[in-house]
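The values are calculated or read from the model by the stated rules, or taken from the named source; none is laboratory data. Quick caveat, the model's predicted, so the values are computed rather than measured. Neighbour counts are summed over all protein chains in view; Cβ atoms, including those assigned to glycine, are modelled from backbone coordinates with ideal geometry. The accessibility values were calculated without ligands, DNA or RNA, using every heavy atom of the protein model including side chains. Shrake-Rupley method; radii C 1.70, N 1.55, O 1.52, S 1.80 Å.
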Amino acid sequence: QVQLVESGGGLVQPGGSLRLSCAASRSIFSIYIMGWYRQAPGKQRELVATITSGSSTNYADSVKGRFTISRDNAKNTVYLQMNSLKPEDTAVYYCNAHPPPAFAGMWSDLWGQGTQVTVSS
């Protein structure tokens with residue numbers, strides 16, 4: 001069963017923008033820490049940004065000031081607005097739902113299927 005569904009990836013020119021969306025179930029969205037990861041060819045998957053149920057955010061240094069993570073509680077959806085895109089942002093982007101620290105040993109991370117973002121002229 002797919003519990004996280006990403007959309008919004010595509011091809012964009014350097015300096016352009018894309019907005020990724022991740023739809024989750026209400027039960028997941030209300031308590032899990034939501035985040036975006038990315039994996040470029042030949043590289044390890046890396047954390048891009050996270051947002052808690054209280055809307056506290058955290059960003060990788062490489063995207064700070066360019067990317068914005070947000071959530072719409074009414075739609076159970078988390079977004080990643082990506083501006084000023086660079087070729088090095090090219091990767092498969094994955095939505096992630098991480099259990100709160102108190103339940104990390106009991107609940108598993110949930111992952112979306114990934115959406116390709118390609119930044120190229």
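The table for this structure:
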| quantity | calculated |
| --- | --- |
| Those chymotrypsin sites (Phe, Trp or Tyr not before Pro) in the stretch 27-121 that DSSP places in a loop and that have at most 15 other beta carbons within 10 Å | 107 |
| Area of residue 106 that stays accessible when all protein chains are in place (1.4 Å probe, Å², to 10) | 150 |
| Dipole magnitude of the chain about its Cα centre (Cβ charges: Lys, Arg +1; Asp, Glu -1), debye to nearest 20 | 140 |
| Sequence of 33, 51 when ordered by accessible area, the most exposed leading, probe 1.4 angstrom | 33, 51 |
| Rough spin-label spacing in nm, given labels placed 7 Å along Cα→Cβ, for residue 120 and residue 5 | 2.9 |
| 5, 92, ranked by accessible area, largest first (probe 1.4 Å) | 5, 92 |
| Contour excess over end-to-end distance, with Cα ends at residue 107 and residue 28 and 0.36 nm allotted per residue | 27.3 nm |
| Within straight-line cross-link reach of residue 75, aspartates and glutamates at Cα separation under 15 Å, skipping those fewer than 8 residues along the same chain | 6 |
| Difference of contour (0.36 nm per residue) and Cα-Cα distance, residue 75 to residue 61 | 2.2 nm |
| Under Karplus coefficients 6.51, -1.76 and 1.60, residue-wise ³J(HN,Hα) of the stretch 69-79 in Hz, glycine/proline x | 9, 8, 9, 10, 5, 5, 9, 6, 10, 10, 10 |
